[in-house]
1. For THR466, indicate whether it is over 23 Å from the mean Cα position of the chain (by Cα) and not in a loop (DSSP other than H, G, I, E, B).
2. Of all residues being on the phi > 0 side of the Ramachandran plot and either in a strand (DSSP E or B) or touching a residue at least 40 places away in the same chain (Cβ under 8 Å) (or both) in the range 474-525, which is surrounded by the fewest Cβ atoms within 10 Å (Cβ to Cβ)? Just the residue, please.
3. For the list (1) out of contact with any Phe, Trp or Tyr (no Cβ under 9 Å at 6 or more places or on another chain); (2) over 21 Å from PHE504 (Cβ atoms); (3) not hydroxyl-bearing (Ser, Thr, Tyr), I need the number of the one condition that ILE393 fails.
4. Answer yes or no: is there a residue in the range 177-188 that is of a type in the set (Lys, Arg) and part of a strand (DSSP E or B).
5. Would you pick out the residues in the range 505-525 that are within 19 Å of the chain's Cα centre (by Cα) and modelled with pLDDT of 95 or more?
6. Consider the range 205-245. How many of its residues are part of a loop (DSSP other than H, G, I, E, B), at pLDDT 95 or above and under 17 Å from ALA145 (Cβ atoms)?
7. Sort out which residues of the range 353-367 are under 15 Å from ALA505 (Cα atoms) and crowded, with 24+ Cβ neighbours inside 10 Å, and write them in order of number.
Amino acid sequence: MKKSRKGFTLIELLAVIVILAIIALIATPIIVGVINKSKKNAFMDTAYGVVEAGKLYYAKNFGNDDFTGKTFTFPADSEELKLSGEKIGGGTIEVTGTGKQILAIYDKAKNWCASKGEEDSKVSVVKYEEGKCGSASEEEPDGVASAPALGEGMIPVTIGTDGIVKKADINSKWYDYEAKQWANAVLVSSDVRSTYQNGDTIPEEKILGYLVWIPRYRYKLFNVDNKSVPEQEIEIVFESKNKTKSTGSTNGTYLTHPAFTFASKELDGIWVGKYEATGSMSVACVNESCTTMDLTIKPDITSMRNLNLSSFFYAARSMSTVNNNIYGLKAPEINTHVMKNMEWGATAYFTQSKYGRCTNGVCTELTRNTSTSYLTGNGDYKANINQSTTGNITGIYDMSGGSWEYVMGNMRDETDHFSSGVAGFNGTSEPKSPDTIYYDSYAYDSTYTTQERGALGDATRETLSTFGSSTGGWYGDYASFPNSSFYWLIRGGHMSSNELCGVFAFSRGSGSGGAGHSWRLVISK
């Protein structure tokens, strides 16, 4: 009898070797990529820490008054750069003539350079080149939300379902747009700001204002021809301001939302007041000299009303000019203004996306604020999360119902010029007319049904639908454009307007003060 065969033949061994080689070829790049990405992320975390260390170094060694025109070089053994028990390689922080920080550190051995320029919202890691480690130039990956651009007076926070506000650790995951968790920040008064910038829980009574970050994005055009279209999910892709703008003009192409260009500056995003403006002013604002006001953005209190639009406008402007010490929002780095109609549109479209009220193509309408006392958040924002743009506590409230909100959207007069109407703007005399960067301009028409005057992105003409014999905004929202003596756009609807309210509602207002008209703050950096 033949002996039973043991072992493998040469061909079988070669086959096994070939298979293992193929697996190695496939797996090795993936494993190396994961390792490199982990190392790069770790280095980026270190860079964020150095930014914070630099700020502390300024405060400790040079005070907080004047850092401009100075360059500070940290030696490798600097205690100020000691993070997590390890000392970082030497770095340089330069403060420019405008008082903005530029940071650059590098790890030559790992071939990485971390930098933060005066126009950069966060530290970026780029390839190291000998003698070069300046302002970040590497574009963020397409589809990644830009990090919130935090100004000096803003404190990043997380808000629990119980309403407890805690300072966020920006080096960890404090927001998640994929999970509909939007980034929030708060403003506090100057006398307690340093305490809460370095603390944990921030008491409600110490907060002056709540803000929500809308990251820069492009959206897929769906109705450039001003037709009647049903409600649908708006397709949005996050976009870096360093990326070439998308300039689509036909359905199916992409357009960088116009709200993220302010004057000639490209923005990482905008900060939007979480609630309608609150507080009071004892006198109307004249230009930016609002020195007797108590302006806040807070939940569960009466919204600011009964003043004309020019007073609202200059109250907002004063937050970063004459009253900047109160809020810590200092011009020109920070710009505060009444929400423009296009900025309302950017918020509305973001709400009508997978990052807001849509899941797997199914979208839900905002629940209306029905408070007859004009209470923001309908009097209990923790319970009324269905009234927020996300359906949770991290979203924006009062965009359906509450007060009609004045936005800076102006219809030109019959001579094709800006018209204040009765909003209180007096041309070149006080209170002066706003600069053109602060409002969206629309053509004159005596008929309020000519909604095609709207612009792409402003949530007017693109979001119309036919209901029986009439045309309205999506979800049956009110859709009426300015005409005759009503030169200003108002948004969101009044608490008594029932189903006509909504984030896609728009109508016409005179600009005068009224019990049913409020406004909302926007901050750009």
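The values are calculated or read from the model by the stated rules, or taken from the named source; none is laboratory data. Computed from a predicted structure; not experimentally measured. Every residue, glycine as well, gets a Cβ built from its backbone with ideal geometry; the counts of neighbours run over all protein chains shown.
1. Values: over 23 Å from the mean Cα position of the chain (by Cα): yes; not in a loop (DSSP other than H, G, I, E, B): yes.
For THR466, the condition - over 23 Å from the mean Cα position of the chain (by Cα) and not in a loop (DSSP other than H, G, I, E, B) - is met.
2. If we filter the range 474-525 for residues that are on the phi > 0 side of the Ramachandran plot, which is where we start, we get 475-476, 484, 492-493, 498, 502, 511.
Among the residues that remain, those that are also either in a strand (DSSP E or B) or touching a residue at least 40 places away in the same chain (Cβ under 8 Å) (or both) are: 475, 492-493, 498, 502, 511.
On the way: TYR475: 22, GLY492: 32, GLY493: 29, ASN498: 12, GLY502: 27, GLY511: 25.
Per the stated criteria, the residue is ASN498.
3. (1)
4. Quick first cut of the range 177-188, residues of a type in the set (Lys, Arg) only: 180.
Add one more test, that the residue is part of a strand (DSSP E or B), and what stays is none.
No, because not a single residue in the range 177-188 is of a type in the set (Lys, Arg) and part of a strand (DSSP E or B).
5. Step one: filter the range 505-525 for residues within 19 Å of the chain's Cα centre (by Cα), giving 519-525.
Within the range 505-525, TRP519, ARG520, LEU521, VAL522, ILE523, SER524 qualify.
6. 3
7. Scanning the range 353-367 gives a single hit, LEU366.
Each row is one residue, and each column tells you yes or no for (1) surrounded by fewer than 19 Cβ atoms within 10 Å (Cβ to Cβ); (2) over 21 Å from the mean Cα position of the chain (by Cα); (3) within 21 Å of ARG305 (Cα to Cα).
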| position | (1), (2), (3) |
| --- | --- |
| ASN386 | yes, no, no |
| MET399 | no, no, yes |
| PHE418 | yes, yes, no |
| ALA443 | yes, yes, no |
